[in-house]
Amino acid sequence: MKKRKRAERLQANERRAVTVQAVIELAAEQNPAEITTSAMAERMHMTQGALFRHFATKDAIWQEVMDWVAERLMTRVDKAVQAAGSPLEALEAVFLAHIDFVVQHAGAPRILFGELQRPGDTSAKRVARTLLTRYGERIQALIEQGKSQGKLSSDIDTTVAVTLFIGTIQGLVMQSLLTGKGGDIRAMAPKIFAIYLRGIRSVQ
């Protein structure tokens, strides 16, 4: 009996993961706000009834998607930081890892932007806000470390530097969404980060 329950649970988890991937793929092709549960089910080759056996509501699907995006992106950020040898290297690694994530999952930023613009306070929107807060805290810590080590200018406003870091990535993401050429922003990313770093680096 225990083995059967474990198998059923694994099947349900796999189905939820497939749903997330389907939604992200659809979001890369159209306005996330216009994605219907019918379209999700069709992409997954299943009925809406089967879809709702795994999710109580459409909002529950969006929350699952945002949870996935937040978890995967923050995992990449943390790995980038851990593998770097200095705060400056970590900042660049995070910048490039974020761009790679966007290129690989083009629908993810569309969903994130869409959730933040939705009226009301949904579960998915709260996940999106928490993601941005956690992300900003990681960047803030790296900038403060860089300042304490004398690698970054001590008189820069950390909050502004964090905002500029995130805003630069968002600008690249918007350009990618407009042109549909993710490879272009991946190629430009190192050069753009170099300009950003030049503005906050300490003058030796």
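As a summary of the residue check, residue 46 satisfies the conditions (1) among the aliphatic types (A, V, I, L, M); (2) outside any helix (DSSP H, G or I); (3) at pLDDT 90 or above except for the one numbered (3). When 153, 123, 148 are checked against the criterion of being of a type in the set (S, T, N, Q) and in contact with a strand residue (DSSP E or B) (Cβ under 9 Å, 6 or more places away or on another chain), a single residue qualifies: 153.
Condition check for residue 121 on (1) more than 28 Å from residue 198 (Cβ to Cβ); (2) part of a helix (DSSP H, G or I): one failure, at (2). Between 92, 144, the distinction of being touching a Phe, Trp or Tyr at 6+ places or on another chain (Cβ under 7 Å), modelled with pLDDT of 95 or more, more than 30 Å from residue 61 (Cα to Cα) and of a type in the set (Asp, Glu) belongs to 92 only.
Among the residues making up the stretch 75-95, those that are surrounded by 15 or more Cβ atoms within 10 Å (Cβ to Cβ), part of a helix (DSSP H, G or I) and among the hydrophobic types (A, V, I, L, M, F, W, C) are 77, 80, 81, 88, 90, 91, 93, 94, 95. With respect to the stated conditions, residue 123 fails to be closer than 15 Å to residue 200 by Cβ and among the hydroxyl-bearing types (Ser, Thr, Tyr). In the stretch 52-75, the residues that are acidic (Asp, Glu) reach residues that are not in a loop (DSSP other than H, G, I, E, B) with C-beta atoms within less than 8 angstrom, at least six apart or across chains, in these pairs: 59/123; 59/124; 64/16; 64/19; 64/20; 67/127. Scanning the stretch 95-128 for residues being free of Cβ contacts under 8 Å to residues at least 12 places away in the same chain and either among the aromatic types (Phe, Trp, Tyr) or within 15 Å of residue 166 (Cβ to Cβ) (or both) gives a total of 1.
If the condition is being surrounded by fewer than 17 Cβ atoms within 10 Å (Cβ to Cβ), out of contact with any Ser or Thr (no Cβ under 8 Å at 6 or more places or on another chain) and touching a residue at least 24 places away in the same chain (Cβ under 8 Å), then the stretch 142-153 contributes only 145.
The numbered conditions (1) assigned to a helix (DSSP H, G or I); (2) surrounded by 13 or more Cβ atoms within 10 Å (Cβ to Cβ) are all true for residue 156 except (1). Kindly indicate whether any position in the stretch 57-70 is closer than 20 Å to residue 21 by Cβ, surrounded by fewer than 15 Cβ atoms within 10 Å (Cβ to Cβ) and over 20 Å from the mean Cα position of the chain (by Cα). Yes: the stretch 57-70 contains one or more residues that are closer than 20 Å to residue 21 by Cβ, surrounded by fewer than 15 Cβ atoms within 10 Å (Cβ to Cβ) and over 20 Å from the mean Cα position of the chain (by Cα). Taking the stated definitions as given, is residue 190 in a helix (DSSP H, G or I), surrounded by 14 or more Cβ atoms within 10 Å (Cβ to Cβ) and not hydrophobic (A, V, I, L, M, F, W, C)? Criteria not met by residue 190. Of all the residues in the stretch 55-74, those that are out of contact with any helix residue (DSSP H, G or I) (no Cβ under 8 Å at 6 or more places or on another chain), of a type outside the set (A, V, I, L, M) and not in a helix (DSSP H, G or I) number 1.
In the stretch 110-127, is there at least one residue being among the charged types (D, E, K, R), surrounded by 14 or more Cβ atoms within 10 Å (Cβ to Cβ) and over 18 Å from residue 67 (Cα atoms)? Checked the stretch 110-127: no residue is among the charged types (D, E, K, R), surrounded by 14 or more Cβ atoms within 10 Å (Cβ to Cβ) and over 18 Å from residue 67 (Cα atoms).
The values are calculated or read from the model by the stated rules, or taken from the named source; none is laboratory data. Note that the structure is predicted; figures quoted are calculated from it, not measured. In this analysis, Cβ positions are derived from the backbone assuming ideal geometry, glycine residues included, and neighbour counts consider all displayed protein chains.
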